[in-house]
1. Determine whether Leu241 is aliphatic (A, V, I, L, M), assigned to a strand (DSSP E or B) and at pLDDT 70 or above.
2. Among the numbered criteria (1) surrounded by 16 or more Cβ atoms within 10 Å (Cβ to Cβ); (2) in contact with a strand residue (DSSP E or B) (Cβ under 9 Å, 6 or more places away or on another chain), which single criterion is violated by Gln56?
3. In the stretch 158-181, is there at least one residue being surrounded by fewer than 22 Cβ atoms within 10 Å (Cβ to Cβ), charged (D, E, K, R) and under 30 Å from Leu330 (Cβ atoms)?
4. Are any residues in the stretch 284-304 in contact with a helix residue (DSSP H, G or I) (Cβ under 7 Å, 6 or more places away or on another chain) and at pLDDT below 80, and if so, which ones?
5. What's the number of the condition Leu281 fails, among (1) modelled with pLDDT under 85; (2) out of contact with any Lys or Arg (no Cβ under 7 Å at 6 or more places or on another chain)?
6. Is it the case that the stretch 305-328 has a residue that's at pLDDT below 75 and outside any loop (DSSP other than H, G, I, E, B)?
7. Among the residues of the stretch 81-100, is any touching a residue at least 24 places away in the same chain (Cβ under 8 Å), more than 16 Å from ligand 1 (Cβ to nearest atom) and not aromatic (Phe, Trp, Tyr)?
Amino acid sequence: PRPHPTVRVRPLTGTEARRGDQRVVHSLGDGAVHVSAARHDATFGFSAVFDAGASQEAVFEGSGMRQLVELAIDGFSCTVFAFGQTGSGKTYTLMGPLAQSDTQPASPALLGLMQRSFTCLLEQSRSRGSDLALSASYLEIYNEQIRDLLSPGPPCALPLRWSKTRGFYVENQLSVEFESLEAIVSLLLQGSQRRRTSAHALNRHSSRSHALLTIHVRSRAHHSPAWALQAGPCPSKQGTLCFVDLAGSERVKETGSSGELSVEANSINRSLLALGHCISLLAKPRGKRTHIPYRDSKLTRLLARSLGGSGITLMVACISPSSRCLSETLSTLHYASRARRVTTRP
Ligand code: ADP
Ligand code: MG
């Protein structure tokens, strides 16, 4: 199957509205998005487009996220990633607005794709008589270093290895079992608070790292009925559901970054570039494909399986409707349209 690039246009923020920014992005229905500004006029087609008014629930139900959760339970490697400029709504889409504050609990209507998927997963687990074993790992890639967001204490870098059977994997990453919604949501919040963020002009809580939360779903092997004993124990299935919150793409000059911030911006941009490069090579017909340079960044190594191999991927391109974001918006939409042509074999 192909990834289903979905587009989400956020509303104008208060600041954008107050300074009179024009809305240059409009959804035309049927998956079409129209961008119109002085010298640009373009229409893009996607499997789904969510306009400024779309609720978090509408995005969960309309993006295919529920099906992705079910596929993970069936043993597939599933990935959802949000990408787009800083401040375009990636974290909001994945986690909702209050992920960064621990003072108030998030209103249920505003919960993001992650919490909705956890609920769905736990409901399924309960309806199957709890024969699913669930565990979570949470990593960030910051300046090309992998850090475990679940391990207490000061962050330390974990090595990324490759093996024939496992592909790329992170050595010594913590994997924590959970059985309730409260438990996994609390892991998510703890981990998110350890993420590297820093304030700059575009977004006060801008994420400076790529974060990957992976849920491992293992079907516990059943006690074999007598007839199955000859065939050996029932094989257990293991699926994964990985949520990727990419750091925003942005130009150093627009964010007013300097010093340490520009080192960050460069490594963020380098891995996003590597990701874009892999996606555009994967989009070529199978026969014409050359080598896919997954090794160019940690991000592409970790996503190799879901992008090109046996995974199923849902991509959410997040964009701002503001005229000031026009060039980033066009580049996000081009990126997403290219990803439409990638196919995988789960
Ligand atoms: P990113 O993670 O892409 O940098 P955020 O998710 O932090 O961006 O969003 C930037 C700001 O816009 C936040 O204040 C967020 O609450 C707001 N926002 C984003 N998407 C929406 C939306 N769909 N509806 C309302 N507010 C949104
Ligand atoms: Mg973010």
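The values are calculated or read from the model by the stated rules, or taken from the named source; none is laboratory data. Quick caveat, the model's predicted, so the values are computed rather than measured. Positions of Cβ are backbone-derived with ideal geometry, glycine not excepted, and every protein chain shown enters the neighbour counts.
1. Numbers: aliphatic (A, V, I, L, M): yes; assigned to a strand (DSSP E or B): yes; at pLDDT 70 or above: yes.
So Leu241 passes the test.
2. For Gln56, the exception is condition (2).
3. Filtering the stretch 158-181 for residues surrounded by fewer than 22 Cβ atoms within 10 Å (Cβ to Cβ) gives 158-181.
Retained after the next criterion (residues that are charged (D, E, K, R)): 161, 164, 166, 171, 177, 179.
From what is left, the residues that are under 30 Å from Leu330 (Cβ atoms) are none.
Checked the stretch 158-181: no residue is surrounded by fewer than 22 Cβ atoms within 10 Å (Cβ to Cβ), charged (D, E, K, R) and under 30 Å from Leu330 (Cβ atoms).
4. Arg289, Thr290, listed by residue number.
5. Failing condition for Leu281: (2).
6. Yes, that holds for at least one residue.
7. Going through the stretch 81-100, the residues touching a residue at least 24 places away in the same chain (Cβ under 8 Å) turn out to be 81-96, 99-100.
If we keep only those that are more than 16 Å from ligand 1 (Cβ to nearest atom) too, we end up with none.
The answer is no; no qualifying residue exists.
For (1) within 16 Å of ligand 2 (Cβ to nearest atom); (2) acidic (Asp, Glu); (3) farther than 20 Å from Leu303 by Cβ, each residue gets a yes or a no:
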residue: Pro108; (1), (2), (3): no, no, yes
residue: Met114; (1), (2), (3): yes, no, no
residue: Ser151; (1), (2), (3): no, no, yes
residue: Val170; (1), (2), (3): no, no, no
residue: Glu177; (1), (2), (3): no, yes, yes
